[in-house]
Amino acid sequence: MLTRIEIDGFKTFEDFAIDLLPFTVVLGSNAAGKSNLFDAIRLLSLLATRDVAEAVKDMRGEPLELFRLTPAGRSSRIKLAVEVLVDPLIRDPWGSEVRLTHTRMRYELELERREVRPGIVRIQVAREEAHPILKKEDRWIRAIHPTKAFREHFLKYRRLQPLLTTEETSDGLAFSIHQDGKPGRNRPASAAEATVLYSITNAEFPHLFALREEMRFWRLLQLDPALLRKPVPVTASDVLNADGSNLAAVLAQLKAETATEERPKGVLADIAVELNHLIPGIAALDAELDSASREYRIQLSMRDGQSFSSRVVSDGTLRVLALLTLLHDPRHRGLICFEEPENGVHPGRIKELIQRLRDMVSDPGQPDAEANPLSQLLLNSHSPVVLSALIDQAHRPLAGAVFFADTATIVDPLQRQQRRRTRLRPVNPDPQGGLFESLDTVSRHEVQVLLDTARTEA
């Protein structure tokens with residue numbers, strides 16, 4: 001679970017920091033920086049499993065455009081930091097299981113543009129560190145008020161020493177791995193084109209491996225309805241792609257894994273029920289195999305007896321189906337970032353959609369929270385209807401955290417310069433136990449102005 005992110009020098013971010021709850025929604029107009037926040041999370045996730053060149057190639061825009069534009073030109077460094085809660089039990093691809101002694105960690109990364117040869121510029125890792133978050137310093141946990149069972153299951157605070165540092169050695173700058181009473185390892189840092197996390201592929205260094213796995217499973221859904229409609233080869237991955245192009249294969253796998261004699265469609269029956277609450281009339285869901293083409297196809301049955309393939313289902317229905325599928329997948333864990341959940345959903349159903357999404361993520365303060373995976377949702381939207389579904393009459397968030405995103409202009413009178421940066425302001429931070437008290441808040445007037453526009457959309 002991602003509990004905090006700090007960003008500096010990346011796109012529109014300057015000295016940016018925000019704490020995240022299990023359910024967090026960011027509202028703002030286009031070009032306010034909402035998607036840039038998702039991009040920063042995606043970059044960190046990619047750097048956990050790819051070298052720098054491959055990671056930045058998969059980002060929106062050109063690599064140079066990742067660096068903040070200032071009046072003096074592009075910044076030369078990107079600084080990123082995250083704080084996470086990881087599952088205390090990890091399992092690597094070779095079947096090794098380890099129980100962690102520490103589950104709250106902070107990871108820091110700096111990327112730098114360097115001219116390696118005349119005219120040749122590369123992005124390299126300049127600094128990388130990982131440290132345990134001590135119990136007495138863990139303000140996030142104190143703010144969310146977890147149950148005793150959740151604390152006992154997930155919260156481990158037994159490590160004091162760093163996990164990974166960047167240090168000066170006799171051989172020059174090096175990344176130093178420190179691990180659980182065993183001899184560590186140094187790696188040259190002068191021209192690093194991949195993160196240390198990228199190289200931690202098993203449980204030899206269990207805490208760093210857990211950190212890597214946490215970041216690897218951060219999912220940024222950018223669903224494409226055209227791809228959602230298409231049949232999927234049986235050889236496709238059964239882990240949902242960011243664009244949803246293999247949704248039929250994921251549903252088929254879930255059906256095979258969860259089907260019983262009493263429930264021949266397994267968890268697909270539960271997904272159909274959830275989908276029917278949001279899009280009335282849906283009676284059943286199936287992923288069928290076309291034996292001739294060796295492709296999976298999605299089939300929806302209606303209460304009036306009609307049956308439709310995904311080829312004729314609406315964009316909104318397919319988007320909601322993909323999100324519900326991921327949330328019902330017992331193999332899924334960690335953060336899901338989802339843009340504009342209201343797209344294709346009738347305004348009258350948005351409140352119910354938001355409530356159902358909220359109910360499906362982890363809530364450390366609720367009974368049986370320890371039995372659920374550390375699931376988390378980060379949504380962004382520009383819809384006032386979504387805002388109206390998130391707050392009560394006193395403009396207090398009903399659950400989770402609600403932020404307004406916008407761009408602020410910073411004026412430097414000495415240098416006669418001005419620059420723009422993204423900021424996030426919480427809506428009524430009181431329920432979060434002081435977690436957001438240091439931030440500028442959204443005024444009641446701003447909230448009401450946006451709510452008033454919802455009447456025209458409902």
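For region 288-339, which residues satisfy the criterion of being touching a strand residue (DSSP E or B) at 6+ places or on another chain (Cβ under 8 Å) and small (G, A, S)?
S301, S307, S309, S310, A322, G334
Please name all residue pairs, on different chains or six or more residues apart, with Cβ atoms under 6 Å, provided the first residue is in region 72-91 and is within 16 Å of M215 (Cβ to Cβ) and the second residue is among the basic types (K, R) and surrounded by fewer than 19 Cβ atoms within 10 Å (Cβ to Cβ).
Short answer, once both residue conditions are applied: E83/R4.
For P341, indicate whether it is under 28 Å from A259 (Cα atoms), in a loop (DSSP other than H, G, I, E, B) and not small (G, A, S). Before the answer, list the steps.
On the way: under 28 Å from A259 (Cα atoms): no; in a loop (DSSP other than H, G, I, E, B): yes; not small (G, A, S): yes.
Against the criterion (under 28 Å from A259 (Cα atoms), in a loop (DSSP other than H, G, I, E, B) and not small (G, A, S)), P341 does not qualify.
Among A248, A210, A284, A272, which is the only one that is free of Cβ contacts under 8 Å to residues at least 60 places away in the same chain and in a helix (DSSP H, G or I)? Please lay out each step first, then the result.
Details: A248 fails: free of Cβ contacts under 8 Å to residues at least 60 places away in the same chain; A210 fails: free of Cβ contacts under 8 Å to residues at least 60 places away in the same chain; A284 fails: in a helix (DSSP H, G or I).
A272 is the lone residue from the list that is free of Cβ contacts under 8 Å to residues at least 60 places away in the same chain and in a helix (DSSP H, G or I).
Of all residues in region 156-172, which are free of Cβ contacts under 8 Å to residues at least 60 places away in the same chain and under 21 Å from E83 (Cβ atoms)?
Taking region 156-172 and keeping what is free of Cβ contacts under 8 Å to residues at least 60 places away in the same chain, we get 157-172.
If the condition is that a residue be free of Cβ contacts under 8 Å to residues at least 60 places away in the same chain and under 21 Å from E83 (Cβ atoms), then Y157, R158, R159, L160, Q161, P162, L163, L164, T165, T166 are the ones that fit.
Find the residue count for region 335-348, including only residues that are surrounded by 18 or more Cβ atoms within 10 Å (Cβ to Cβ), at pLDDT 85 or above and not aromatic (F, W, Y). So that I can check it myself, show each step before the final result.
Step one: list which residues in region 335-348 are surrounded by 18 or more Cβ atoms within 10 Å (Cβ to Cβ), which gives 335-339, 341-342, 345.
Now narrow it down to the ones that are at pLDDT 85 or above: 335-339, 341-342.
Filter again for not aromatic (F, W, Y), leaving 335-337, 339, 341-342.
Residues in region 335-348 being surrounded by 18 or more Cβ atoms within 10 Å (Cβ to Cβ), at pLDDT 85 or above and not aromatic (F, W, Y): 6 in total.
Please state which one of P162, P132 is touching a strand residue (DSSP E or B) at 6+ places or on another chain (Cβ under 6 Å), surrounded by fewer than 18 Cβ atoms within 10 Å (Cβ to Cβ) and not charged (D, E, K, R). Can you show your working first?
Working: P132 fails: surrounded by fewer than 18 Cβ atoms within 10 Å (Cβ to Cβ).
The unique qualifying residue is P162.
Out of all the residues in region 22-36, is one or more in the same structural domain as T453 (by TED's automatic domain parsing), in a helix (DSSP H, G or I) and not polar (S, T, N, Q)?
Within region 22-36, the subset in the same structural domain as T453 (by TED's automatic domain parsing) is 22-36.
Pick out the ones that are also in a helix (DSSP H, G or I) and you get 34-36.
With the extra rule that they be not polar (S, T, N, Q), the set shrinks to 34.
Yes, some residue in region 22-36 is in the same structural domain as T453 (by TED's automatic domain parsing), in a helix (DSSP H, G or I) and not polar (S, T, N, Q).
Filter region 343-353 down to residues that are within 19 Å of D392 (Cα to Cα) and either charged (D, E, K, R) or out of contact with any helix residue (DSSP H, G or I) (no Cβ under 6 Å at 6 or more places or on another chain) (or both), then give me how many there are. Don't jump to the end; show me each part of the working.
Pass one, region 343-353, residues within 19 Å of D392 (Cα to Cα): 347-353.
Keeping just the survivors that are either charged (D, E, K, R) or out of contact with any helix residue (DSSP H, G or I) (no Cβ under 6 Å at 6 or more places or on another chain) (or both) gives 348-349, 351-352.
Qualifying residue count, region 343-353: 4.
Given the criterion of a type outside the set (S, T, N, Q) and under 20 Å from I350 (Cβ atoms), identify the matching residue among L324, L335, L300. Don't jump to the end; show me each part of the working.
Values: L335 fails: under 20 Å from I350 (Cβ atoms); L300 fails: under 20 Å from I350 (Cβ atoms).
Answer to the check: L324.
Go through region 104-124 residue by residue and tally those that are more than 14 Å from L66 (Cα to Cα) and of a type in the set (K, R).
Adding up the residues that qualify gives 4.
Would it be correct to say that A322 is within 20 Å of L20 (Cβ to Cβ) and either crowded, with 18+ Cβ neighbours inside 10 Å or assigned by TED's automatic domain parsing to the domain that holds T103 (or both)? Give the steps one after another, and end with the answer.
Numbers: within 20 Å of L20 (Cβ to Cβ): no; either crowded, with 18+ Cβ neighbours inside 10 Å or assigned by TED's automatic domain parsing to the domain that holds T103 (or both): yes.
For A322, the condition - within 20 Å of L20 (Cβ to Cβ) and either crowded, with 18+ Cβ neighbours inside 10 Å or assigned by TED's automatic domain parsing to the domain that holds T103 (or both) - is not met.
Looking for whichever is of a type outside the set (F, W, Y), assigned by TED's automatic domain parsing to the domain that holds L398 and part of a loop (DSSP other than H, G, I, E, B) here; the options are G305, G365. Which one fits? Steps first, please.
Details: G305 fails: assigned by TED's automatic domain parsing to the domain that holds L398.
Answer to the check: G365.
Looking at region 353-407, which of its residues are among the charged types (D, E, K, R), surrounded by fewer than 19 Cβ atoms within 10 Å (Cβ to Cβ) and under 19 Å from R151 (Cα atoms)?
D368, E370
Condition first: within 22 Å of I41 (Cα to Cα), crowded, with 18+ Cβ neighbours inside 10 Å and touching a Leu at 6+ places or on another chain (Cβ under 9 Å). Can you find one or more residues in region 168-179 that meet it?
Quick first cut of region 168-179, residues within 22 Å of I41 (Cα to Cα) only: none.
Checked region 168-179: no residue is within 22 Å of I41 (Cα to Cα), crowded, with 18+ Cβ neighbours inside 10 Å and touching a Leu at 6+ places or on another chain (Cβ under 9 Å).
Select from region 438-458 the residues that are out of contact with any Phe, Trp or Tyr (no Cβ under 8 Å at 6 or more places or on another chain), surrounded by 12 or more Cβ atoms within 10 Å (Cβ to Cβ) and modelled with pLDDT of 75 or more and list them in ascending order.
Matches in region 438-458: L439, D440, T441, S443, R444, V447, L450, L451.
The values are calculated or read from the model by the stated rules, or taken from the named source; none is laboratory data. The structure displayed is predicted, hence computed values, not measured ones. Note that we place each Cβ from the backbone using ideal geometry, even for glycine, and neighbour counts take in every protein chain shown.
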